[in-house]
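Peer 1: Next up is a structure, given as structure tokens.
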Amino acid sequence: MTQSALALDTDASKAAAHDAPDHEIGEGHYTNRAGWLRAAVLGANDGLLSTASLMAGVAAASVSPSQLILTGVAGIAAGAMSMAAGEYVSVSSQADSENADLDREKRALERHPRREFDELARIYRERGLDQNLANEVARALTKTDALDAHARDELGITEHNAANPFQAAAASALSFISGGIAPLLAGVYFTAPTVLYALFGVSIAMLAVLGALGARAGGAAILPGVVRVVVFGTLAMAVTAGVGKAFHAVM
């Protein structure tokens, strides 16, 4: 290739890179956030909604400010521990299943290496590689780390998405607490008869923020996420406040 042709080819490559959409040059992916994102978003939403609903129901029953604050603090503490315990148990079960699969795969590699090699090559053929290339890739990866290759391509287990019980439990507890702080502060700074309206206003605003953050962090459309969270969250608080009001009327 001549120097002028090479220069033209380089300029064309630069122009194509400049004109290409951002996702074609270096697209961002969100699947590696799935584990902690799910726990964090669920925890924050639950913390906000559970605490706000509980406090709204108690506030509608016309309790004293100290009782309202105590209800909020107790709700946050109990909810955070419950979320952490539930997430730890759930993710621990997932981790146990993953470890059991890895143990079985390790034994299979020791006992039937040829069969496992053929299985790995077949996976690559099903993904579009021809026979020779699939065998070459399988041979190279088996030589480097056979168990890692099978864990990733056969079982779908990688270091990025492997179950981490402690991480999930901590994320759930901390996010629940962070979500519950907003309605608790509303109960601290507002008193009857405005506290119930403050709880609704602050909680709805925070629900909208959490819905937007969760959708953006997950790469989804923001508006549907916000609408979904706000509508169902407001409904939950309204029902709980109605129960508290009815209980106060009966008493």
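The values are calculated or read from the model by the stated rules, or taken from the named source; none is laboratory data. Nothing here was measured: the structure is a model prediction, and the numbers come from that model. Using ideal geometry, Cβ is built from the backbone for each residue, glycine included, and neighbour counts are taken over all protein chains shown. These accessible areas exclude ligands, DNA and RNA; they are computed on the full protein's heavy atoms, side chains included. Shrake-Rupley method; radii C 1.70, N 1.55, O 1.52, S 1.80 Å.
Peer 1: Please give the contour-minus-distance gain from ILE69 to MET81: 0.36 nm per residue of separation, less the Cα-Cα distance, rounded to one decimal in nm.
Peer 2: Values: separation 12, 0.36 × 12 = 4.32 nm, distance 1.85 nm.
Gain on stretching ILE69 to MET81: 2.5 nm.
Peer 1: While we're looking at this one, here's another question. Excluding ligands, DNA and RNA, what is the solvent-accessible area per residue of segment 44-161 at a probe of 1.4 Å, expressed in Å²?
Peer 2: On the way: 6670 Å² over 118 residues.
Value returned for segment 44-161: 56 Å² of accessible area per residue.
Peer 1: Label-point separation (nm) for ARG104 and VAL89, each offset 7 Å from Cα along Cα-to-Cβ?
Peer 2: Calculated label separation equals 2.5 nm.
Peer 1: Could I ask something else about it? Under a crude label model (7 Å from the Cα following the beta-carbon direction), how far is ALA238 from ILE222 in nanometres?
Peer 2: Output for this residue pair reads 2.6 nm.
Peer 1: Ignoring ligands, DNA and RNA, please state the percent of accessible area on segment 42-144 from carbon and sulfur, probe 1.4 Å. Kindly include the intermediate steps, with their values, before the conclusion.
Peer 2: Working: 3220 of 5800 Å².
Exposed carbon and sulfur together represent 56 percent of the surface.
Peer 1: Can I ask one more? Can you sort TYR189, TYR124 by 1.4 Å-probe accessible area, starting with the largest? Provide the component values of the computation, followed by the final result.
Peer 2: Numbers: TYR189 170, TYR124 15 Å².
Descending accessible area places them as TYR189, TYR124.
Peer 1: Report the equivalent ellipsoid semi-axes for segment 81-168 in whole Å, largest first, defined as the square roots of five times the eigenvalues of the gyration tensor built from alpha carbon atoms.
Peer 2: Details: eigenvalues 203, 36, 16 Å².
The three semi-axes for segment 81-168 are 32, 13, 9 Å.
Peer 1: Carbon and sulfur together cover what percent of the accessible area of segment 171-251 at a 1.4 Å probe radius?
Peer 2: Working: 3630 of 4550 Å².
The value for segment 171-251 is 80 percent carbon and sulfur by accessible area.
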